[in-house]
Amino acid sequence: MKHKTIQTPDDLTLDEITQRFSTDAAARKYWEAIHWPKGPVCPHCSNKKPKLIYEIKANKAKRIRPGLRQCAKCGKQFTATMGTIFEQTHIPLRKWLVAWYLVCSSKKGISSLQIQRILDLGSYRTALFMTHRIRHALRDPVFNDKLRGTVECDETYVGGKTRGRGRHFMGNKTPVVALLERGGRVRSQVMPLVTGKNLKEALEQHISPKSTIMTDELPAYRKAAGRFAKHYVVNHSRREYVRGRAHTNGVEGNFSLLKRGVVGTFHHLSAKRLPLYLAEFDHRHNTRFLTDGERTIIGMKKSEGKRLFYRNPAK
């Protein structure tokens with residue numbers, strides 16, 4: 001079967017989504033064009049020969065769903081959602097497209113309750129699982145390169161407030177460390193405890209040794225940044241925030257956006273799910289120079305090979 005390439009608009013907007021992909025069939029064709037830019041690929045045997053892949057006509061009476069294909073090489077059937085976060089979903093793909101756009105275009109994030117209202121989903125639990133699937137897709141488990149140039153490093157604490165324990169009490173907060181490449185990317189991660197050893201491992205894993213490191217006066221950074229080309233420190237305790245090119249204003253601004261999202265949008269984040277929210281904010285920062293449509297398409301392309309289960313799948 002000859003594959004017809006569908007042009008995926010880079011300037012995708014919410015209005016265009018509602019007009020062009022108002023039906024499940026149109027949304028499915030759009031996702032297939034993103035997922036299979038050169039034609040269908042069998043997820044079972046990796047066969048990509050058009051003559052050996054057949055599309056089965058949908059038949060509701062026989063329970064043949066739209067978009068079903070069969071591979072002549074291995075004899076197995078598949079759809080474009082297999083092996084992605086959309087597999088076995090009961091939510092229409094057209095609603096998934098809108099949810100993806102809203103998550104990728106909302107600077108301070110969008111709550112699952114708002115997603116539920118906009119998409120008319122059956123329950124808050126459905127909307128929450130949906131948004132967590134999107135965040136899971138945006139997460140990069142492995143990085144093939146390291147941050148270079150000037151890299152700002154800082155830590156913050158995310159969590160609730162406790163009365164009577166003082167503003168510096170951290171017992172109910174989760175440490176988050178972010179590494180920001182000036183003019184480039186950011187990588188944020190949850191750290192169980194901010195120590196010199198933990199920081200050293202994070203910096204050496206993600207930053208090139210030829211880079212220049214910018215930190216505050218936290219003593220743990222002295223040991224952590226020892227193997228890098230240069231290390232500049234600004235002393236915030238003495239109200240020193242900028243000294244020439246030495247500052248951590250970029251990474252602190254990134255934290256400010258995260259905190260505004262927590263306080264104004266999500267209100268409460270569990271420590272277990274915090275890495276998913278960090279992936280969402282990192283994705284928006286790392287694609288900040290692109291349009292909302294381009295940012296959404298790049299995010300959707302990360303869906304391949306990522307499943308998210310709240311329960312163990314049936315064996």
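What follows is calculated from the coordinates using simple rules that are stated; it is not laboratory data. Remember, predicted model here, so these are calculated numbers, not experimental data. As a convention, Cβ positions derive from the backbone with ideal geometry for all residues, glycine included, and neighbour counts pool all protein chains shown.
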Gain in length, residue 173 to residue 63, computed as 0.36 nm per residue apart minus the alpha-carbon separation, to one decimal in nm?
-> 34.6 nm
Binned Cα-Cα distance frequencies in segment 150-271 - 5 Å width, integer % = 2, 11, 20, 23, 20, 14, 7, 3, 0, 0
The chain, helix-only ellipticity at 222 nm - DSSP H runs n ≥ 4, -39,500 (n - 2.57), divided by all residues, nearest 500 | -10000 deg cm²/dmol
Taking Cα atoms, how many degrees apart are the long axis of helix 292-301 and the longest axis of the chain, rounded to 10 and kept between 0 and 90?
-> 70
Residue 87-residue 15 FRET efficiency (beta carbon distance; Förster radius 25 Å; 0.05 resolution) | 0.30
Paramagnetic reach from residue 118 in segment 21-38 [backbone N under 19 Å; point 7 Å along Cα→Cβ] | 21-24, 27-28, 31
Degrees, to the nearest 10: 196-206 long Cα axis against longest axis of the chain | 40
Cα-Cα over 22 Å: which of 107/259; 173/302; 62/306; 108/230?
-> 173/302; 62/306; 108/230
Roughly what % of Cα-Cα distances in the chain sit above 36 Å, to the whole percent?
-> 29
Of all DSSP beta bridges in the chain, antiparallel share, percent nearest 5 = 70
Please report, to two decimal places, log10 I(q)/I(0) for segment 1-125 at q = 0.13, 0.17, 0.21, 0.23 Å⁻¹ as given by the Debye formula with identical point scatterers on the Cα atoms and no solvent.
-> -0.61, -0.96, -1.27, -1.42
Give the peptides 138-146, 40-48 in descending order of average Cβ contacts within 10 Å, highest first.
-> 40-48, 138-146
For segment 150-271: relative contact order, % (alpha-carbon pairs under 8 angstrom, 6 or more apart) = 25
FRET efficiency (residue 249, residue 36; Cβ distance; R0 41 Å; to 0.05) is 0.45
Charge dipole magnitude, Cβ of K and R +1, D and E -1 - the chain, Cα centre, debye nearest 20 | 980
What is the dipole size for segment 150-271, taken about its Cα centre, with +1 at each Lys and Arg Cβ and -1 at each Asp and Glu Cβ, in debye to the nearest 20?
-> 220
Of 262, 138, 203, whose Cα points farthest to the positive end of the dipole of the chain (charges on the beta-carbon: +1 Lys, Arg; -1 Asp, Glu; origin at the Cα centre)?
-> 138
Taking the chain and dividing mean pair separation by its residue count, relative contact order in percent (alpha carbons under 8 Å, at least six apart) = 21
Grab the beta carbon distance between residue 145 and residue 198, set R0 = 30 Å, and tell me the FRET efficiency rounded to 0.05.
-> 0.85
